[in-house]
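Student: I am attaching a structure below and will ask some questions about it afterwards.
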Amino acid sequence: MGREIKSEPALLQEVRKYGQFDVGGCYNCGSCTISCPLSGNLTTFPRRVMRYVLFGLKDLLNSSLEPWMCYYCGDCSTACPQQAEPGEAMMTLRRYLTAQYDWTGLASRLYSSAAWRIGANFFTGLFVFLIVFFYHLYDVKLSGSDFFPRSMPLEHMFPTMIYFTLAVFVIPIALLLTNAARMHSFIIGRENIKVPLSLYLKQLGTFVVHAFTQKRFRECKDKGRWIKHMIMVSGFIVPSLLVLFFLRWFQTDNIYPVYNPQRWLGYLATIALLYGSIETVIGRIRKKGQMHRFSSPDDWVLPAFLFLTAVSGITIHICRYAGLAMVAHYAYFAHIIIVVPMLVIEIPFGKLSHIFYRPLAIYLHSVKQRAAIEQNNLTEAKVA
Amino acid sequence: MVRLTVNEQKVSVEKGANLLGAIEKLGIKIPTLCYHKALTPYGACRLCVVEVHVPGREPALQASCSYPALDGITVFTDTERVKRARKIVAELLLARCPEAEAIKLIASSLGVTEPRIRKKNDDCVYCGLCVRMCEERMGKAAIGFTGRGPKKKLEPPFGKHNPVCWTCGACNFICPVGKKITVLTTQKPFIPIPNSYNMGLDKRSAAYILYPQAVPNKAVIDKNYCLHLNYNVCGICKEVCEARAIDYEQKDNKIEIDAGAVILSPGYEVFDPGLKPELGYGKYQNVVTSLEFERILSASGPYSGEALRPSDKKHLKRIAFLQCVGSRDHERDYCSSVCCMYATKEAIIAKEHAGEDLKCDIFYMDMRAFSKGFEQYYESAKKQGIHYIRFRVPVIRELPETQDLVLEYLNEEEKKVCSEYDLVVLSVGMVPPKHIKEFAEKTGIQLNEFNFCRTSVFDPTGTGREGVYAAGPFTEPKDIPETVIQASSAASRVISLLHDVKGTLIKPREYPPETDVGGQEPRIGVFVCHCGTNIAGFVNVPEVVEYAKTLSNVVYVENNLYTCSNDTQDRMKQKIKEHDLNRVVVASCTPRTHEPLFRNTIREAGLNSYLFEMANIRDQCSWVHMHEREAATRKSEDLVRMAVAKARLLEPLQKPLININKSALVIGGGLAGMTSSLELAGQGFEVYLLEREKELGGNLRRIHYVLNGEDPQNELKSIIEKVKTDKRIHLFVSAKILSIEGSIGNFKTRIISDREETEFEHGVIIVATGAREYRPKEYLYGEDERIITQSELEEMIASDAGFAKNGSKPNTMVMIQCVGSRDNERPYCSRICCSTAVKNALKIKEVSPDTNVYVLYRDIRTYGFREQYYTKARQKGIVFMRYDADNKPVVAKNGKSLSVKVFEQTLKLPVEIPADMVVLSAGIIPDQDNKAVAQLIKVPLTQEGFFLEAHMKLRPVDFATDGVFVCGLAHFSKSIEESIIQAQAASARANTILSKDNLELEATTSFIIDENCDGCAYCIEPCPYNAISLIEYMWQGAVKKIAEVNESMCKGCGCCMATCPKRGAMVRGFTMDQIESQIDAALQAV
């Protein structure tokens, strides 16, 4: 019979901590898997991973990439004759896997408890608040009573702000990279495949392409979702890049003419963020799409953060142009308190991690596949 | 009346009739085209020309349809001149419409195959039938002829669509060349009436016979479509019906019936696949339901049984069946129980019709071949090349160019496959009939969550309302045998309820005393049936009548339009008396349907009913020789001669009567046996109930709970109590049968019970010997106390100690299905183990929610409403893993720990499950005593050792031996409710015998001619009914052996007569002399 894989019956209970997972309805008919335009000959899902969970095959589940191949159009759930919601099960598995990759264990806590999620974001926000507060108190040397009436130009915060921003971006990236190493060990480390380093480098393009285009998303039946998602992503990526690399130019008291990229890039990103977040929230409230029928806390948190980011950004902008320097200052304060938890908590431990894991999974998958093909060729050559 | 001569035969017709009528009255056929009995003669085609001699005039050619029948004229229908004229007409018609089948047929019958004139390839022959039909019969005149001579044209007024046209389609119907005339008159499409019998795959008319085998086989008028009933036009059917049977005045009647009990059997409907638009039913022509496909394959179906597809009538090369359409989904969480097998059956038949090359793919989830013989059928289907693919296909696509259908699925290796098919058959499930809620309200019964009738395990035929019972798929989707059984069960319930008044409304029929015909010279009357065109259309009946008159001993012959009609019966009785007939021959159809009627008629005329013989000149002659009128007539004469020859030798026969002992022997005191006993006792009969063990209850004693929550042990207690207190039930425990003698009505049985011998007599036997759980030899059973069977598990859970007797509840439990079932040794499915496993697994989850339960299965066969518990089990987190018969799980013991290794089939991965307990779903095997019991009562067993009923589908509780019935697990593995139903059914079947004082046996049985029999015993072995035995007696001081026939067991098949070398065995009514005389008569003509 070969090497048996041990069944761990507790797996289902564990997965269910991360959201809905109705295997009860599933009688293994395969309708979901054939309905999925992304499920191909190399990776078949959702049925296979659902079976992993049910049968308690934890190692196989942890090394599976299928959840990341799914963009949740919901066609599988529509096709399911038992209404077992395989699409939502894939969503749950993405949360589960995010927690598995995370070595700190925080992701698992955030997903299984709304209190932890709110608390983590709240305390990060509070921490930022205190940093900013004490920065003004000790670095800028304001007295407590000066906080309200005084307004001042932005210049005072450079270059401190640049280091702060760098830190805010580096922390999650560092966490994600360490998690990526764990993910790699799950996926490739446990298999009997030797992967040459050159292959990793050769395939690196896959990661970049998928990270920036999400082109597999376009293979879903509803092409509109890819565009909407793309808009939201650019609304997130563009300001991130501006803030990370051009902070001084982007966040300034200078008033540029409208045709200057500083202005229109900002406007476009804001519109994109507002559109994306509002659209998502409305969809979730109305539950019209199959993918919006079930919402867990992190499904609400992310659009809320994006929306608040955009709104606080607009407020800063309007106030600054209207000459309300002091209000602008406080709005900026609020903006930072909103953005930092989103980046530090939601990127490595929350839903936003998918911007990294999804292309990484596709990348690792293609590496693994190539390696397997090459290994096969080698053995065949040997046999020959 | 006018009198005229046609071909030198005299004929008289009513004044005003046309010449054609007079000619046809003589049975002379002449070709016609533009003539229709219900329309004004038109004389357009001139095919019906005849030569008319009017005294004092030159002989002239006249169209017989429009020429009046005149007094004194002489007519010739087939002179050379007439033939030449018709030939020219045929040539002209053929030149106009060379492609029309009807014209080709007429032309070829007149010897014309190719016209000498240039072909016009017209689509109209200008017969004017449509014009007259529309104007005279429909009162519309939507179409007419314009122009004259070569410019003549069929068109609506002004050549435009005519608002007068109401698209009735009568013009299209009557057009002999198949022109679609409605296209000219209207833009509305003409929609023919769909033929509901063929599921709308073809069309029918408003006056129709539902289907060839309909009972009663009578034409009806569809009042929704009939133009006469709705608009007072048409009325053609009344005119053309020769039997004058059309009555437009019939109205719906409200009938009130005083009934003591009601049986509800409203049946089911098939699921409407239009509700699943993704399957394309209704949109794609080549997606059909299984019932439609059944009609396609049927010889009486729309394509005469050819395997064609609807869209283009292309021969089928690749077909797919999709299972569970409308079953096993979230709205209908039940299994329709029959679809797996009917799909298999249809696939096999399709292969028979379309040839071995037909590719048949059946897409299924679990193959539910759970009934007697079904698993073997499924295996044989696989060997015949039917391909089973475990996948539920969600979407059907059509390729618009070819109308082929595309299915996408995952194969065994989980690869996506795209296959094209010519036809996709949707195996639609059973749903309750429409309007079932109103029906339930009117009848005051409860429906279950799926709108089927709500019943309970221990009252499976009751509806909850006293006196109202239900049977058939109305209580749960079920197959034919289960339906037949439940129908009998409902009947039994009614008999029990009403046995005090049973028979009080029956009036015995009184017959006049029988005339003694002994010693009389045979005086035979022959009645030849015309049967409309059925016989007379292909046989010259008047000639047969004339011929019959020439046969010796025949004193009276007559020709009846319909010999079976009521007035003919009266006439027959009158003629028997008038002509002092003592034998009667009817030359008509088959004795299978009509012999009882005629026998009754002559009995009413005072003749013994066996003084009757039939000549089947319809099924055996007119129907099979449709194109050979002359030869068919001769053959009919032969058949009549043979019948008359036998009739001469017919002797009066009496049906022997035997007294019925009004008590029953029930073998087996399990649930089935006790239920049967209680039913029969409740119906007023004495019952001898035998139980091998000390206690009653059988297998039910080991069943502690059932899926729907009823308490079986409580029920068992009350059943045993009832059995023990019923005065009519004589209970024998620890009993053993020593001998059973006799036959139906009079058995004598000797038993030993508690070391005491008893003998009693009884009229019937019910076999309820049960079956038992297989004791596994596999999976380390018996080597470790943690490896047990399902029933052991059930006892463990139910026992006071509970299954946590070692102090801790098992952490993981693995159940293995199909232990001792579906293997080489026992190839059948034990039917109940899947439901039992689901039941026990759910119970475990109830008493110990933390226990992990794995069920390793091959197909989950939770048929009917059991499916919802399978769903529930999955929802409770019970894990179902599939293994394959070729790669069975392995139970391993490593030191103290147990583990089960299984190669999971969906993932194709080996999985190891650490187990604290392994539960084997052991199959049901027949009782070891079955062989002995079968020998005692001389009934057969199946290969597996279950009792073999008379007919798997239609007589599921009877044996071929009369007076013996089977029920419960002795028949086959089944659930509690199924056992109860069959036990009640056996009682109802037994009641058909016990309720009579005496039994009339068939008169045509075998008898031994003592002086010819030398006791060689050759006849004993061939008798299929064990009716012959050899007896010895002393005669003139020597032992003489002779065969003896038990009349109550003999069916008169004649095997003994054919075997006996000494003419010692004969069958009454078919004696050697009688048959020889028939053969002689048959050969006489040669």
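Student: Test of understanding: ordering B:Lys1040, B:Lys809 by Cβ neighbours within 10 Å, fewest first, what list do you get?
Tutor: Ordered by Cβ neighbours within 10 Å, fewest first: B:Lys1040, B:Lys809.
Student: Give, as ranges by residue number, the residues of the stretch B:419-433 whose backbone N falls under 14 Å from the point 7 Å along Cα→Cβ of B:His387.
Tutor: B:419-423
Student: How many Cβ atoms of partner chains, on average, are near each residue of A:4-13 if near means within 10 Å of its Cβ?
Tutor: Partner Cβ neighbours, averaged per residue: 6.
Student: Plugging the Kirkwood radius over Cα pairs into Stokes-Einstein for the protein assembly as shown, at a temperature of 20 °C and a viscosity of 1.002 mPa s, what D comes out in µm²/s?
Tutor: Taking Rh from Cα pairs, D becomes 53 µm²/s.
Student: Let me ask you something else. Report the semi-axes of the equivalent ellipsoid for chain A in whole Å, largest first, where each axis is √(5λ) for an eigenvalue λ of the Cα gyration tensor.
Tutor: Calculated on Cα positions only, the semi-axes equal 42, 23, 20 Å.
Student: Would you mind giving the mean number of other chain beta-carbons within 10 Å of the Cβ of each residue in B:849-862, as a whole number?
Tutor: Neighbouring Cβ atoms belonging to other protein chains average 1 per residue here.
Student: What residue among A:Ala211, A:Ala310, A:Ala181 shows peak mean-square fluctuation when chain A is described by a Gaussian network model with Cα springs under 10 Å?
Tutor: Looking only at A:Ala211, A:Ala310, A:Ala181, the largest GNM fluctuation is found for A:Ala181.
Student: Need one value for A:49-55: mean number of C-beta atoms belonging to other chains within 10 Å of its residues' C-beta atoms.
Tutor: Taking all residues of A:49-55 together, the mean is 4.
Student: Right, here's the next one. Count charges around B:Asn1012 for me, please; just the other residues with Cβ under 15 Å from its Cβ, Lys/Arg as +1, Asp/Glu as -1.
Tutor: Around B:Asn1012, the surrounding residues sum to -1.
Student: Less than 11 Å from a label point 7 Å out along the Cα-to-Cβ axis of A:Asp222: which backbone N atoms in the stretch A:6-28 qualify, by residue?
Tutor: Zone members listed by number: none at all.
Student: Follow-up. Just to confirm the number: angle between the C-alpha axis of helix A:223-245 and the first principal axis of chain A, 0 to 90 degrees, nearest 10?
Tutor: Helix A:223-245 sits at roughly 50 degrees to that axis.
Student: In chain A, which cysteines lack any other cysteine Cβ under 4.7 Å from their own?
Tutor: Cysteines of chain A left without a disulfide-compatible partner: A:Cys26, A:Cys29, A:Cys36, A:Cys70, A:Cys80, A:Cys319.
Student: Residue farthest toward the positive end of the dipole of the protein assembly as shown, with Cβ of Lys/Arg at +1 and Asp/Glu at -1: which of B:Pro189, B:Gly877, B:Tyr421?
Tutor: B:Pro189
Student: Using the structure shown, select from B:Lys809/B:Lys843; B:Lys736/B:Lys938; B:Lys777/B:Lys809; B:Lys87/B:Lys119 the pairs with a Cα to Cα distance greater than 21 angstrom.
Tutor: Listed pairs above 21 Å: B:Lys777/B:Lys809.
Student: At 7 Å along the Cα-to-beta-carbon direction for both B:Lys901 and B:Gln943, put a label point, then send me their distance in nm to one decimal.
Tutor: Using points 7 Å along Cα→Cβ, the separation is 3.3 nm.
Student: Please compute the length gained on full extension between B:His627 and B:Ser205, using 0.36 nm multiplied by the number of residues separating them and subtracting their Cα-Cα distance.
Tutor: 149.3 nm
Student: While we're here: What is the distance, in nm, between label points placed 7 Å from the Cα along the Cα-to-Cβ direction at B:Asn553 and at A:Asn376?
Tutor: Placing both labels 7 Å beyond Cα along the Cβ direction yields 8.7 nm.
Student: Estimate the FRET efficiency between A:Val258 and A:Glu155 by the formula 1/(1 + (r/R0)^6), using the beta-carbon distance for r and 25 Å for R0, to the nearest 0.05.
Tutor: Taking R0 as 25 Å, the efficiency between A:Val258 and A:Glu155 is 0.60.
Student: What is the dipole size for the protein assembly as shown, taken about its Cα centre, with +1 at each Lys and Arg Cβ and -1 at each Asp and Glu Cβ, in debye to the nearest 20?
Tutor: The calculated dipole for the protein assembly as shown is roughly 5080 debye.
Student: Hey, any idea what Rg/Rh is for chain B, computing Rh the Kirkwood way over Cα pairs?
Tutor: In chain B, Rg relative to Rh is 1.03.
Student: Once you place label points 7 Å from the Cα toward the Cβ at B:Glu761 and A:Ile237, how far apart are they in nm?
Tutor: Going by the 7 Å Cα→Cβ label model, 10.1 nm.
Student: Right, another one. Quick one: helix A:86-101 against the long Cα principal axis of chain A, what's the angle to the nearest 10°, folded into 0 to 90?
Tutor: With rounding to tens, the tilt is 70 degrees.
Student: Continuing with this model, one more query. Report the normalised scattering of the stretch A:11-101 as log10 I(q)/I(0) at q = 0.10, 0.16 Å⁻¹, calculated by the Debye formula with identical scatterers on the alpha carbons.
Tutor: So the normalised log intensities work out to -0.20, -0.53.
Student: Expressed as an acute angle from 0 to 90° and rounded to the nearest 10, what is the orientation of the C-alpha long axis of helix A:297-322 relative to the principal long axis of chain A?
Tutor: That helix lies at roughly 30 degrees to the long axis.
Student: Rounded if a/c is under 1.5, else prolate if a/b is larger than b/c, else oblate: which is the stretch B:773-926, with a ≥ b ≥ c the root eigenvalues of its Cα gyration tensor?
Tutor: rounded
Student: If eta is 0.890 mPa s and T is 25 °C, what Stokes-Einstein diffusion coefficient results for the stretch A:98-200, Kirkwood Rh from Cα pairs, in µm²/s?
Tutor: 140
Student: Quick one: the Cα spread of the stretch B:348-462 along its three principal axes, in angstroms, biggest first?
Tutor: Projected onto its principal axes, the Cα set of the stretch B:348-462 covers 52, 38, 32 Å.
Student: Among all the lysines, which ones have a C-alpha under 23 Å from A:Lys368's C-alpha, if same-chain residues fewer than 8 places away are not counted?
Tutor: Cross-link targets: A:Lys58, A:Lys194, A:Lys202, A:Lys215, A:Lys382, B:Lys415, B:Lys416, B:Lys908.
Student: Name the residue farthest towards the positive end of the dipole of chain B from the options B:Phe271, B:Gly673, B:Ala986, assuming +1 on Cβ of Lys and Arg, -1 on Cβ of Asp and Glu, about the Cα centre.
Tutor: The one lying farthest along the dipole's positive direction is B:Phe271.
Student: Would you mind working out the magnitude of the charge dipole of chain B relative to its Cα centre, with +1 at each Lys and Arg C-beta and -1 at each Asp and Glu C-beta, to the nearest 20 Debye?
Tutor: I would put it at about 3500 debye.
Student: Once you sort the root eigenvalues of the Cα gyration tensor of the stretch B:269-431 as a ≥ b ≥ c, which label holds: rounded (a/c under 1.5), prolate (a/b larger than b/c) or oblate (the other case)?
Tutor: Rounded is the answer for the stretch B:269-431, as its axis ratio a/c remains below 1.5.
Student: Counting other C-beta atoms within 10 Å, which of B:Phe452, A:Phe123 has the fewest, and how do the rest follow?
Tutor: A:Phe123, B:Phe452
Student: Next up: Using all C-alpha to C-alpha distances in the stretch B:178-292, build P(r) with 5 Å bins and read off the rounded percent in each one.
Tutor: Taking all Cα pairs of the stretch B:178-292, the binned fractions are 2, 7, 11, 14, 17, 15, 13, 11, 5, 2, 1, 0, 0 percent.
None of the figures in this text is laboratory data; all of them are computed from the coordinates on show. These numbers come from a predicted model, not from an experiment. Here the Cβ is made from the backbone with ideal geometry for all residues, glycine too, and neighbour counts use every protein chain on show.
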